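J.: For reference, the structure I am asking about is given below.
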Amino acid sequence: MGLPKITAMPQSLFALILLSAVLVAAAPAMAARPFMTDDARLTTEGSCQLESWTRHYSDRNEFWALPACNPGGNFEITAGVGRFRSDGQPGSQDQVLQGKTLFRTLQTNDWAWGLAVGRVWNPSTQPGPNNLGGTYLYLPLSVSTLDDRMVFHANLGWTRDRHTRLQATTWGAGVEYWIHPRTMVIAETFGDDRQKPFVQTGVRFSVVPGLFQIDATRGTQPGSQGRNTWTSLGIRYTPDKLF
């Protein structure tokens, strides 16, 4: 989707967005990058994209690479890996495979929704052919407003851990807002029914509009005394056509 046309914004709306961002960012320290809440969009048909990022905590680090391709128009497949390292502990990794489709395509000043189903393997946790992990699914919903200048996203899903057999209801809600033809700000909250929610704010900058973007976020889980606070840096590469 191309960059939205930026027009003058009402001062009251700007004040509301700024206040919301400040409140979220001031909370105690805790899908398309840099969101964790997924959007109801797909990679361009006949192309692939790459999202990659690092996430730094006070005592551990993560690195993720998630390439995704859309071979047929309404089905996107993602296959990637995350690597983790904690102070004084051996490294570990997760492997992810996901498929996503849409039941309604997002248009300007309209809404869309879809379904994503995926599996996570933890080969470092349980060596051998079984590779204990988890299964998940969720419904992504996106609503476009202000001629695509502001888009809201929401997720509702379910996950099951194969090792513990525990199940959880997952959720997320976020907003993206273009403050400049090349610059977007985001704010979101997400979590599940087994723990306190997380919040995150950030910015995405289009280095090459429609092709290459960089982003940075700051997130936290309020009440975690800083342990679940992170800073994230990422890239997103989205060529228009590859095959």
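The values are calculated or read from the model by the stated rules, or taken from the named source; none is laboratory data. Please read all numbers here as calculations on a predicted model, not as lab measurements. Heads up, the Cβs are rebuilt from the backbone with ideal geometry, glycines too, and the neighbour counts pull from every protein chain shown. SASA here: full protein model, heavy atoms, side chains in, ligands and nucleic acids out. Shrake-Rupley method; radii C 1.70, N 1.55, O 1.52, S 1.80 Å.
J.: Sort through Leu102, Leu97, Leu141, Leu50 and tell me the only one that's loosely packed, with under 15 Cβ neighbours inside 10 Å and assigned to a strand (DSSP E or B).
T.: Of the residues listed, the single one that is loosely packed, with under 15 Cβ neighbours inside 10 Å and assigned to a strand (DSSP E or B) is Leu97.
J.: What do you reckon, is Thr231 assigned to a strand (DSSP E or B) and open to solvent by less than 40 Å² (accessible area, probe 1.4 Å)?
T.: No; evaluated as a whole, the condition is false for this residue.
J.: Between residues in the range 176-196 that are closer than 17 Å to Arg236 by Cα and acidic (Asp, Glu) and residues that are at pLDDT 95 or above and not in a strand (DSSP E or B), which pairs lie under 9 Å by C-beta distance while being six or more apart or on different chains?
T.: Correct list of pairs: Glu176/Asp39.
J.: Can you find, within the range 144-199, the residue that is surrounded by the fewest Cβ atoms within 10 Å (Cβ to Cβ) among those that are more than 18 Å from Asp94 (Cβ to Cβ) and of a type in the set (Phe, Trp, Tyr)?
T.: If we take residues in the range 144-199 being more than 18 Å from Asp94 (Cβ to Cβ) and of a type in the set (Phe, Trp, Tyr), then Trp158 is surrounded by the fewest Cβ atoms within 10 Å (Cβ to Cβ).
J.: Continuing with the same structure: Can you find, within the range 112-127, the residue that is modelled with the lowest pLDDT among those that are surrounded by 16 or more Cβ atoms within 10 Å (Cβ to Cβ) and of a type in the set (A, V, I, L, M)?
T.: Val120
J.: Do we have any residue at all in the range 56-69 that's under 24 Å from Gly191 (Cβ atoms), basic (Lys, Arg) and either modelled with pLDDT under 95 or open to solvent by 50 Å² or more (accessible area, probe 1.4 Å) (or both)?
T.: yes
J.: Out of all the residues in the range 143-196, which are at positive phi and modelled with pLDDT under 95?
T.: Listed by number, the list holds a single entry, Arg165.
J.: Please state which one of Asn109, Asn130 is open to solvent by 70 Å² or more (accessible area, probe 1.4 Å), outside any strand (DSSP E or B) and at pLDDT 90 or above.
T.: Being open to solvent by 70 Å² or more (accessible area, probe 1.4 Å), outside any strand (DSSP E or B) and at pLDDT 90 or above holds for just one of Asn109, Asn130, which is Asn109.
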